[in-house]
Every structure is written in structure tokens, then in C-alpha cells.
């Protein structure tokens, strides 16, 4: 169920869904998704579906992870990526293969602890994790070429925009029961916002949980 052939079937499916960046497809194929879910769900790890990881959180479906990663690479290999919502650590592990440095924030401490263990086991040394509130970003290491969120706020948190580098991109699902993946780019003329597609993510919550 977790063989290379199973992974390659997932990659073929991602290609058929329009993912064309070879570096993204390679990163998805090389990242063992079955290690990011409980053993009882490992046999479903390469299905194109979201899976529960506890604490009312989910591991995003592979298509969404690949799509957001592809969008993160549209201006070339990013130096610094800020991820809001480490979750299982899967998106962090994929980003680690295509970005120079990844800074990831998780508000739920037990999830963060597990994600750190997995990333350490995979030797993803260019990922730095923090227990914190994603709404605040990580100003200490700003500006970021890409800010990417794995949970949906009701409205766009404008303070995160101040942590974007010139030419940087914010990718965030926004909304309540109806959500859109929003892309905001910092151009010479200011912020340029576009809607990418309909999505469904868990809500982005303020504060931290121990």
C-alpha cells in the first residue's frame, strides 16, 4: 500500500488534474505521505483525499498540497516560506524539498511535537517549527517570499501582508462554509489579489493550544 508504485499512481493522478511542475511532482513522489497519518490510515495515504490527524484537524488532500506548492514556485525557488498550520508536517516536508528555508507555525502543541519528530526522521533540516498563533506570522524571520496557509480565516489577515517580501505571494484559503483560495502578490504598485479556486479547509483559529 505504501510502495513506490502506489506513490507513482498518485503522481499520475496529479498530472491528470493539471499539476505540471516537475519539481513539485518529484517532491510529492519522494515524500512518504503514509508516515504523516496514524498507522490505521496508512493504507489510504495515497488516495487523493483529506485524512484526519486528530484535534479536529486534517491532512490536506494531495491535489491541494501539490497545487499550493506549485503556486508557491511560480516565481522560481523561494528562499523563505512561512507556513501557517504545520498540522501533520506533510506540507512542510514537501516544501522542504523545493524551498531553501521553511518556517512553520502550529497552534496545537501535540500536533507540532509529532510533526517535529517526523520531519527530524526525514532529515528535513531546513524546516524550523514554532508553537504559536498563525495570525501573528513570524516577524523575526520576515520578509517571506511565500506565505502559505493550511487553515481558513473568515477574512484576509492584513497584518500577514506586511511580512511579504517584494514580489512575494500569500496563498490562503479564506471564508467560512464557502471558501476560496486567495493569492495576493506584492507588486511595485501594491497588493494584487486573485481568486484561484474553491477549496475547503478547517477554520483558522486564534491563540494556542497546549
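Please treat every number below as a calculation from the coordinates, not as lab data. A quick note: this is a predicted structure, and the numbers were derived from the prediction, not measured. All Cβ positions, even for glycine, are placed from backbone atoms using ideal geometry, and neighbour counts span all protein chains on display.
Please tell me if residue 179 is surrounded by 13 or more Cβ atoms within 10 Å (Cβ to Cβ) and without any contact (Cβ under 8 Å) to a residue 40 or more places away in the chain.
yes
With the structure loaded, tell me whether residue 112 is within 16 Å of residue 204 (Cα to Cα), touching a strand residue (DSSP E or B) at 6+ places or on another chain (Cβ under 8 Å) and either without any contact (Cβ under 8 Å) to a residue 40 or more places away in the chain or surrounded by fewer than 24 Cβ atoms within 10 Å (Cβ to Cβ) (or both) or whether it fails that test.
yes
Identify the residue in segment 79-101 that is surrounded by fewer than 23 Cβ atoms within 10 Å (Cβ to Cβ) and in contact with a helix residue (DSSP H, G or I) (Cβ under 7 Å, 6 or more places away or on another chain) and, among all such residues, is nearest to residue 148 (Cα to Cα).
Once the filter is applied, the top-ranked residue is 80.
Quick check on my filter: what residues within segment 29-56 are touching a residue at least 60 places away in the same chain (Cβ under 8 Å), surrounded by fewer than 20 Cβ atoms within 10 Å (Cβ to Cβ) and either farther than 16 Å from residue 97 by Cβ or touching a helix residue (DSSP H, G or I) at 6+ places or on another chain (Cβ under 7 Å) (or both)?
Once the filter is applied, which keeps residues that are touching a residue at least 60 places away in the same chain (Cβ under 8 Å), surrounded by fewer than 20 Cβ atoms within 10 Å (Cβ to Cβ) and either farther than 16 Å from residue 97 by Cβ or touching a helix residue (DSSP H, G or I) at 6+ places or on another chain (Cβ under 7 Å) (or both), segment 29-56 yields 35, 55, 56.
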